[in-house]
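Right, one structure below, let's go through it.
Derivation of every value follows stated rules applied to the coordinates shown; laboratory data play no part. Owing to the predicted nature of the structure, the values given are computational and were not obtained by experimental measurement. A quick note on method: Cβ atoms are made from the backbone with ideal geometry, for glycine too, and the neighbour counts reach across all protein chains shown.
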There are 4 protein chains.
Amino acid sequence: MYTRTVRLRDTDAAGVSYFTSILESCHEAYEDSLAATGIDMRSFFSNPETAIPIVHAHVDFLKPTFCGDQQVIRFTVNSLSETEFEVHYEIVSTHKSEALIGKAMTRHVCINPISRDRKPLPEDIAAWLRRWSIA
Amino acid sequence: MYTRTVRLRDTDAAGVSYFTSILESCHEAYEDSLAATGIDMRSFFSNPETAIPIVHAHVDFLKPTFCGDQQVIRFTVNSLSETEFEVHYEIVSTHKSEALIGKAMTRHVCINPISRDRKPLPEDIAAWLRRWSIA
Amino acid sequence: MYTRTVRLRDTDAAGVSYFTSILESCHEAYEDSLAATGIDMRSFFSNPETAIPIVHAHVDFLKPTFCGDQQVIRFTVNSLSETEFEVHYEIVSTHKSEALIGKAMTRHVCINPISRDRKPLPEDIAAWLRRWSIA
Amino acid sequence: MYTRTVRLRDTDAAGVSYFTSILESCHEAYEDSLAATGIDMRSFFSNPETAIPIVHAHVDFLKPTFCGDQQVIRFTVNSLSETEFEVHYEIVSTHKSEALIGKAMTRHVCINPISRDRKPLPEDIAAWLRRWSIA
């Protein structure tokens, strides 16, 4: 679970959050959970031997969000194979009454960043997957 | 067709484009085509009577992109009903050799921004849809 | 005082925070302090009669920041006239040892957003100024 | 000279460009001029031996800008020493009539990115400086 406030920079001239900002919030929740497992963010994202890029993302927008809104992002992870996993997100507004704002998913594949060949997920990510998976 | 250069702000510490920047590029292409049809961007996005928010987006990432890469975004639109349409995007690198970088889709629904009720797409958007639809 | 974690989206391909992200963090601290005074963010930033745009900003970068870094933003406000104020920010890393990362300033002027003429700051902002000013 | 259109992502709920987007546009102009001199953007920004980070930036906002506005960014460079230079930017709207929208400056220092010690600017940047300096 990750809590977040919608900031002016997230919004656009239509008066609501710009459509990609919800995906950025989901990625913040992902980073937050990795860091909570003890993974160092700086070395994780610039590891010359292992990268885990997003290969697919999708998002459904159910309600608009406005500057100052309080949000909670809940997520579960789903291991697909030894090289691949998905993260499923629900974004809930807690501003006035609780309301489901959107749902999103990101799929991640572990590769060698030079050759772009697939490789098994490292042990620290495997541990993170076990922690956040639904039974 | 819309051409674009990947800028430093699009990239992240993994050395490649941050995952939402491809969706932002697609939206730039959408804005560019609306403007080319004579639609005024400022009034379009802050019209108090009609909004056409994105209700769904998805994106597949096929190859990484780097700062300085030249890209072409090709798209087609698909009218779903009198209140709803989809835009399908292909992002092609033209930097060295031509390569498909990613594919994306955004689905848009026409609403009254206050009541959030659906309403028919305005005539200028209907004209834009006819112009960009495949046969 | 506002605490914040540097996120992947804040960084660029040079491996550090993109230069404008420090100003965005400062603005988050500004929004946070306004909200803490009871000002509603949504209506504050889209008030049709009063806007308080930034007319000048500057920033000094003293140390690089990396994904995952913990930061504290301290600020003071300085009333210049009944229509104008400045916010002075210090960004301090709390990641390993405490270090001054940067300093910034934003100057804000109260105007009518249609005529762009200056007008006195509203009472809720005047109260916020009194709360955050140094004696 | 660099031309640019203000995009929805540049704007915020106040209906105008978010304050840092003008600095991002200036950096795009900087990147564009470097690339025009033959400097490869990907290797320039991730060179393990030489980095030229921004150590100071300031910006004055003279007029608001809106989604769809056409802008031209003109700039000149000013060599300060063998390790340091400034870029001065003027952002001009060309949407309806020509108007000065803002002015900005960024100061850049050449360093070793590991030791953070200053070092002389590389020859390709020195050539770029000669090309863009005023007499």
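Brief remarks follow.
- If you sort the three axes of the alpha carbon gyration tensor as a ≥ b ≥ c, you get a/c under 1.5 for the protein assembly as shown, which makes it rounded.
- Ranked by how many other beta carbons lie within 10 Å on average, peptides D:29-35, B:49-55, B:114-120 from highest: D:29-35, B:49-55, B:114-120
- Peptides C:78-86, A:38-46 ordered by packing proxy, namely the average of other Cβ atoms within 10 Å per residue, highest first: A:38-46, C:78-86.
- Nearest 10 degrees, 0 to 90: helix D:21-36 Cα axis against chain D principal axis: 50 degrees
- Close amide H contacts of B:G102 (hydrogens built in the peptide plane, cut-off under 5 Å, sequence separation of 5 or more or a different chain): B:L62, B:I91.
- Separation between Cα centres of the range D:4-80 and the range A:15-75, rounded to whole Å: 25 Å
- Relative contact order (%) - chain A, alpha-carbon pairs under 8 angstrom, separation at least six: 27 percent
- In chain B, helical runs assigned H by DSSP with n ≥ 4 each contribute -39500 (n - 2.57); averaged across all residues and rounded to the nearest 500, the mean residue ellipticity at 222 nm is -7000 deg cm²/dmol.
- Under 5 Å from the amide H of C:Y18 lie the amide H atoms of C:T11, C:D12, each residue being 5 or more positions distant or on a separate chain, with H modelled from the backbone and absent for Pro and chain starts.
- Looking at chain D, the pairs of alpha carbons with a distance over 25 Å make up 30% of the total.
- Of C:K63/D:K63; C:K103/D:K63; A:K103/B:K119; C:K119/D:K63; A:K63/D:K63, those spanning more than 22 Å from alpha-carbon to alpha-carbon: C:K63/D:K63; C:K103/D:K63; A:K103/B:K119; A:K63/D:K63
- Evaluating 6.51 cos²θ - 1.76 cosθ + 1.60 at θ = phi - 60° for every residue in the range B:40-50, the Karplus couplings come out as 7, 4, 4, 6, 4, 7, 10, 5, x, 10, 9 Hz, glycine and proline recorded as x.
- For chain D, built as a Gaussian network whose Cα springs stay under 10 Å, the top-fluctuating residue of D:P113, D:P48, D:P122: D:P48
- Gaussian network model of chain D, springs between alpha carbon atoms under 10 Å - residue of D:V87, D:V72, D:V16 with greatest fluctuation: D:V16
- In this simple spin-label approximation, B:A35 and D:I114 carry label points 7 Å from Cα along the Cα→Cβ vector, and these lie 4.5 nm apart.
- Degrees separating the helix A:123-132 axis from the principal Cα axis of chain A, which is the longest one: 40 degrees
- In order through the range A:13-19: 3J(HN,Hα) via Karplus (6.51 cos²θ - 1.76 cosθ + 1.60), integer Hz, x for Gly, Pro: 5, 6, x, 10, 5, 4, 4
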